[in-house]
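Worksheet: one structure, shown below.
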Amino acid sequence: MPDLKLPKNFLWGYATASYQIEGAPHEDGRADSIWDVFCRTPGKIADGSNGDVACDSYHRYKEDVALLKQLGAKAYRFSISWSRVIPHGGRNDPINKAGLQYYVDLVDELHANGIIPMLFHWDLPQTLHERYGGPLNQNEYVQDYVRYARVIFETFGSKVKHWITYNEPWCISILGYSVGQFAPGHTSDREKNAIGDSAIEPWKVVHSLLVSHGEVVKMYRDEFKQKDGGQIGITLNGDWVMPWDKDDPLDVEACERKLEFSIAWFADPIYKGDYPASMRKQLGDRLPKFTEAEHALVKGSNDFYGMNHYCANYIRHKKTDATAEDFAGNLDLLLEDKNGTPVGPETQSPWLQPCPQGFRKLMKWISDRYGRPIMYITENGTSLKGENDMPVEQILEDDFRAQYFTDYISAMAEAVTIDHVDCRGYMAWSLMDNFEWAEGYETRFGVTYVDYNGGQKRHPKKSAKTVAQLFGDMCRE
Ligand code: PNW
C-alpha cells in the first residue's frame, strides 16, 4: 500500500453551481436564463420542478460558507449567474448592481478560503438566446461573453486567484444542441418536438465557446493577471473508457476515439492547436476550422486544466458508417462488457456507475497527452440509488457515497504520488443536494442533505466527514 501523501496546501473543497442552488430567479433584477425557460416547458424536468427555490442560497450564502468552514474545506467552486449580473446579457445592456453584490458578499464571506468562481455553468441569459441564438452566433456571442467577463474581473480583482471560463462545454453542446435533454433543448429529433440541427449545431457551439474562452483568457492575461496574480482555465468533463471486447482491436481503438470526441475535442485545440484528426475524419467540413487569429487565441489558453469526472463506460465500435447526428465517434457506450461484467454498482443516475481506477487512468491519459499541465479536479461525486425515498436518518448515513469518495480520492492520490500527475486541488460534487437539471430534485449529489420541505435546512451526511478525514490524513507536508 503506497503512502498516499498530498501537499499540505492541496486545495480541496466542494463545488456547486448558480442555477442548481441559488433560487430567487427574479429577485433584485435578475432576468431569465435559458434554464428558467426550459424548466417551464412541460415534460423537460423529471419531477416538473425548477430552480425557483432550490437550496435558497441567494438568501443563505452565509450558512453555505459556515458549512464549508465546518467541513474544513480549503476551497469553494461556485458559479456566477450571468443573468444576475447583466440580466439581458449583452455588451450594451446595463449591469445589475444588486445582483453583482450577491457575489461580492459571497466572496467577502469566503474570505481566506480558496475562491474558485466559474463564469458560466450553463445558465445563459435567455435574451441572448432569443436575440441571436447565443453561442450559435459566434461573432455576437464572443463579444457579449468578453464584456461579461470584464465586468467580473474588474469587480473581484485580486480577491480571486483561480478563474474558470466554462463548465463542461461537452454538456452545453451535446446535451443542449444535440440530445436536447438540457436547455435550450435543440435536437434534430422531431419526436421531441424541438428545433435544431444536430448535424451542425454542436460543432458550431463549441467553436464559439473555445474562441470566447481564448478571448477571455487573453484579456485576463493582458489586463488583469499581472496585478491580480490569478490563474485561468476551462473545466472539461470526461469519463474513463474500457473496450466492450478487450480482444477486439476495433473496440480498443474506439476507446481512444471516444476520449478524443469527448475530451480532446476541446483540449487538443487548447494544448495542441487543432481538433483531433479522428473528428476531422468523421465530421469533415461540418467541424469548423480555426482561422489563424483564432488558432493563436485558443492555443496555450489554459493556465490549468479543470477536470470533472464521475465514472466509466464500456465502448463498442459500430460496424456501420457514422450518422450525421453521431457525436461520440461512431460507437456504443455500454454499462456491461461482453461477458456481462458491469462497470460498477448502479446509482440514481443512469449514466453513472463508479469505477475508481478509471479516475487514475484518465488523469494520467490527460497528463501525458497535454504535457503534464497543472490540474484541478473541479467535480467528482455520485448519486445514490433510491436515496430520495429513504428516511432521513438513512440518507445521513450515506456509506455508498463515503466509499465512493474513499476510492476515488485514493485513486487521485495515486495518480499524483505514483504517476506524478500535477494535480493541485480537488472539489467534491456537491457541497449539498441541489437541482439536478433534467432530473430535478429526485437525484441527490450532496455530501449535505437539504431538507426541501423543511426550510432548506442543511444536514451534513457521513460522506462529508469522510472527505474531510481523507484530506486531513493525506495533506501532511
Ligand atoms: C455535471 N452525463 O453534469 C455538472 O457539472 C453538474 O452541474 C451536475 O450536477 C453533475 O455533473 C452531476 O450530474 C453532468 O450525462 C451531467 O454524462 C450529465 C453527464 C455528465 C455530467
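Within region 406-416, does at least one residue satisfy the condition of being among the aliphatic types (A, V, I, L, M) and either outside any helix (DSSP H, G or I) or at pLDDT below 95 (or both)? The answer is no, given that none of the residues of region 406-416 is among the aliphatic types (A, V, I, L, M) and either outside any helix (DSSP H, G or I) or at pLDDT below 95 (or both).
Might you check whether a residue that is outside any helix (DSSP H, G or I), surrounded by fewer than 24 Cβ atoms within 10 Å (Cβ to Cβ) and modelled with pLDDT of 95 or more occurs anywhere in region 357-364? For region 357-364, residues outside any helix (DSSP H, G or I), surrounded by fewer than 24 Cβ atoms within 10 Å (Cβ to Cβ) and modelled with pLDDT of 95 or more: absent. Sub-7 Å Cβ pairs linking a first residue in region 132-143 that is over 15 Å from Ala183 (Cβ atoms) to a second residue that is surrounded by fewer than 18 Cβ atoms within 10 Å (Cβ to Cβ) and modelled with pLDDT of 95 or more, at least 6 apart or interchain, are Glu140/Tyr132; Gln143/Arg91, ordered by first then second residue.
Taking Glu22 as the residue in question, decide whether it is within 19 Å of Val104 (Cα to Cα), at pLDDT 95 or above, of a type in the set (D, E, K, R) and surrounded by fewer than 24 Cβ atoms within 10 Å (Cβ to Cβ).
Working: within 19 Å of Val104 (Cα to Cα): yes; at pLDDT 95 or above: yes; of a type in the set (D, E, K, R): yes; surrounded by fewer than 24 Cβ atoms within 10 Å (Cβ to Cβ): no.
Here the answer is no, as Glu22 does not meet what is asked.
Taking first residues from region 231-245 that are near the ligand (Cβ under 9 Å from one of its atoms) and partners that are among the charged types (D, E, K, R), the Cβ contacts under 6 Å between residues at least 6 apart in sequence or on separate chains come to Asn237/Glu168.
For region 418-440, the candidate set comprises residues that are more than 15 Å from the ligand (Cβ to nearest atom) and in a loop (DSSP other than H, G, I, E, B); within that set, the residue that is nearest to Pro373 (Cα to Cα) is Asp422. When you check Lys62 against the structure, is it exposed (fewer than 15 other Cβ atoms within 10 Å of the Cβ), over 27 Å from Pro135 (Cα atoms) and either touching a Leu at 6+ places or on another chain (Cβ under 8 Å) or not hydrophobic (A, V, I, L, M, F, W, C) (or both), yes or no? Yes.
What are the residues in region 147-166 that are within 16 Å of the ligand (Cβ to nearest atom) and in contact with a Gly (Cβ under 8 Å, 6 or more places away or on another chain), if any? Listed by number, the residues that qualify are Ile164, Thr165.
Filter region 130-164 down to residues that are part of a helix (DSSP H, G or I) and on the phi > 0 side of the Ramachandran plot and give me whichever is surrounded by the fewest Cβ atoms within 10 Å (Cβ to Cβ). Among them, the one singled out is Gly157. Here Ile174 meets each of (1) assigned to a loop (DSSP other than H, G, I, E, B); (2) β-branched (Val, Ile, Thr); (3) within 16 Å of the ligand (Cβ to nearest atom) with one exception, condition (1). For beta carbons closer than 7 Å, sequence separation of 6+ or different chains, a first residue in region 278-302 that is over 13 Å from Lys204 (Cα atoms) and without any contact (Cβ under 8 Å) to a residue 60 or more places away in the chain and a second that is among the basic types (Lys, Arg) and buried (at least 19 other Cβ atoms within 10 Å of the Cβ), the qualifying pairs are Ser278/Arg257.
Name the one entry in Leu384, Leu396 that is surrounded by 15 or more Cβ atoms within 10 Å (Cβ to Cβ), over 27 Å from Tyr305 (Cβ atoms) and touching a His at 6+ places or on another chain (Cβ under 8 Å).
Numbers: Leu384 fails: touching a His at 6+ places or on another chain (Cβ under 8 Å).
It is Leu396.
Mind listing whichever residues of region 334-354 are buried (at least 17 other Cβ atoms within 10 Å of the Cβ) and within 12 Å of the ligand (Cβ to nearest atom)? Those that are buried (at least 17 other Cβ atoms within 10 Å of the Cβ) and within 12 Å of the ligand (Cβ to nearest atom): Thr347, Gln348, Ser349, Leu352, Gln353.
The values are calculated or read from the model by the stated rules, or taken from the named source; none is laboratory data. Computed from a prediction, not measured in an experiment: that's the story for all the values here. Heads up, the Cβs are rebuilt from the backbone with ideal geometry, glycines too, and the neighbour counts pull from every protein chain shown.
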